1. Quickly work out the B:LEU258-to-A:ALA359 label distance, labels modelled 7 Å from Cα along the C-beta direction, and quote it in nm with one decimal.
2. Over the stretch A:181-298, with a single point scatterer placed on each C-alpha, what log10 of the ratio I(q)/I(0) does the Debye formula yield at q = 0.14, 0.23 1/Å?
3. Going by Cα centres, the stretch A:214-280 and the stretch B:85-161 are how many Å apart?
4. How do A:ILE54, B:ILE76, B:ILE121 rank when sorted from fewest to most other Cβ atoms within 10 Å of their own Cβ?
5. Separation between the A:VAL125 and A:GLU368 pseudo-spin-labels, each 7 Å from Cα along Cα→Cβ, expressed in nm?
6. If I model a spin label at B:SER156 and A:SER71 as a point 7 Å from the Cα along the Cα→Cβ vector, what separation in nanometres do I get?
7. Note the full-extension length gain between A:ASN305 and A:SER39 as 0.36 nm times their separation in residues minus their Cα-Cα distance, in nm to one decimal.
8. Sorted from fewest to most neighbouring beta carbons within 10 Å, what does the list B:MET176, B:MET99 look like?
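Bear in mind these aren't lab numbers, they're just calculated from the coordinates by the rules spelled out. All of these numbers come straight from a predicted model, not from anything done at the bench. Every residue, glycine as well, gets a Cβ built from its backbone with ideal geometry; the counts of neighbours run over all protein chains shown.
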Amino acid sequence: MSDLTLETSVAKVPEAAPRSPPASQIGLVGWLRANLFSSWLNSAVTLLVAYLVIRWIIGFVEWGIVNAVWSVPDNQTQACRDLKGIGACWAVVTEKHRFILFGTYPYEEHWRPALCILLFIGLYVVSAMRRFWRKELALVWVVVLAAIGVLMWGGVLGLSYVPQERWGGLVITLILATFGLAFAFPLAILVALGRRSKLPAIKAICVLYVELIRGVPLISLLFMASVMFPLFLPEGMNIDKLLRAQIAIILFAGAYLAEVVRGGLQALSKGQYEAADALGLSYWQKTGLIILPQALRLVIPPLVNTFIGFFKDTSLVLIIGIFDLLTAGKTAIIEPAWQGFGVEVYLTVGAIYFVFCFAMSKYSQRLEAEFNRHRRR
Amino acid sequence: MSETLEHIASAARADAPPAIVLDKVNKWFGTMHVLRDVSLTVATGERVVICGPSGSGKSTTIRCINRLEAHQEGRILVNGIELTDDVKALDDIRREVGMVFQSFNLFPHLTILENCTLAPIWVRRMPKKEAEALAMEYLNRVRIPEQANKYPGQLSGGQQQRVAIARALCMKPRIMLFDEPTSALDPEMIKEVLDTMVGLAETGMTMICVTHEMGFARKVADRVVFMDRGEVVEMGTPAQVFENPQTERLKTFLSQILRGH
Ligand SMILES: Nc1ncnc2c1ncn2[C@@H]1O[C@H](COP(=O)(O)OP(=O)(O)OP(=O)(O)O)[C@@H](O)[C@H]1O
Ligand SMILES: [Mg+2]
């Protein structure tokens, strides 16, 4: 008998007919029972939380929709003030949305930053799709970023020139975040590789860079970039304020991302390096084809975490007087007529940040699942 | 004593130049002396099995041959090229020497086929189509062509190790190094890998294999090398080494191995 089973391969052993689990454990009812009402205490907590959530939702709907004022005739905010807080004054957003999105950019040219925002979003969407992950994508980035520069600055192709001081709003946030991460990420990879280099000089430089930058707050780095940096430049030479802030952000993000990438490099087994070496791959082939693809996959969650953090940290540029999304929102309610409607503006600005960050987070989860589908770990 | 045996072995194939020459190789890890005057000449087409207790320096010896470890004293020549810090020479040697590891070390993010075509495409600059045809040929040889589009994580250990062999063969090496290729495998998978290796030996490939599989050693080895504490202690045909051990150390080792099996 035992001989018989040995000879038939495992796959051919007849399987017991599959049975479905008891009805009480599947479906919505089963899930509810298992997770929300498994015990007396659990049921009580469930009901209490449900009550609070529903109360809050009803309150928010009343304030935000039922009692809300959506627009007012030219800056006459009396209708809003009459609400005495029982309804939202979305009129402030209706009125100021252009300012929040575009800052002090010349009004009749607003289509230019608007187009830039769409270009940015298009760039994100295209880059997110794996079927476009080819060499040409880098070219697309260069072209789109250049186009955004032309659109914002103007001065060519019949576009009027708009100095950088007048840029503002969402487009500034997207510029800082996108250029920031687009440059910081490759920098981070090089630094992470450098920290593992066998050459002491390269290793020392990379360690020094990471430790120095991580040791100071981003705010002080931005201050240095805006106040001290020009002092070191030769007389008469002046680098754009936005560019200086951008460089500070790149350096800062680079140091943090480098540590994340290094974590991924360390998680790879020595065997992967040795197998690549034994096949005769060169250092850069080994790094680009074997090591980085695996290391980066391992660190998608912390990587995206850092990305999200930096997307929001760009709002710190307000301290050196750059008009990003948050600063624009803050400035929008300085006008006496609109004072006191900060909640509505901040909710709106918060919602914009949230959409971008949530998209990143969701995307990273999907990417991770996709990468790990074939792997048993 | 080992000197004379070595002469016999190399005299038998005096017509062909030696594939590998280790000449009084010494290596230290920190202050630990792990290879002591290791000398070994392997003729082209010869199959050598290295055995010995754990920590005796078997892995280190064969890892020095493709410079995964650098030796500090003595000379190593592979196909007449001396291993030095010269990068060009190292590249030439690594193309000629395939290696199979105990833990397979397949690239988990690439499919089986991509694992096999990677080095031919990037190192040998072979067109992709050609590399794929070559890879399929070797996957056929190791009898797993149907797995070509799976990922390593979806294969059994024995299948992974056979892929690892195919991957190394795709570089058309003249020498193959095996470091305990079966010791991470379940018993029922050991045979499939050993069969693959026997098949490879029959093609006349120069092989150095660290293994404790005595059956395999008897069947294919031209010579068995016994190492202990960083030294080559005995060397000879499988019959000489296994049936007629000269030293106490080898006798102890053999009795332990036999008890283990
Ligand atoms: N990278 C390393 N750093 C420090 N010591 C090492 C290193 N690799 C090996 N050693 C030491 O060198 C000695 C020889 O190791 P080696 O791996 O060559 O032995 P082995 O004969 O292959 O043993 P095993 O049968 O356990 O694989 C051992 O004492 C080991 O601890
Ligand atoms: Mg070993």
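1. 7.4 nm
2. Results for the stretch A:181-298 at q = 0.14, 0.23 Å⁻¹ read -0.67, -1.26.
3. 36 Å
4. Result, fewest neighbours first: A:ILE54, B:ILE121, B:ILE76.
5. Result for the modelled spin labels: 2.6 nm.
6. Rounded to a tenth, the inter-label distance reads 7.2 nm.
7. Details: separation 266, 0.36 × 266 = 95.76 nm, distance 3.62 nm.
Length gained between A:ASN305 and A:SER39: 92.1 nm.
8. So the ranking, lowest neighbour count to highest, is B:MET176, B:MET99.
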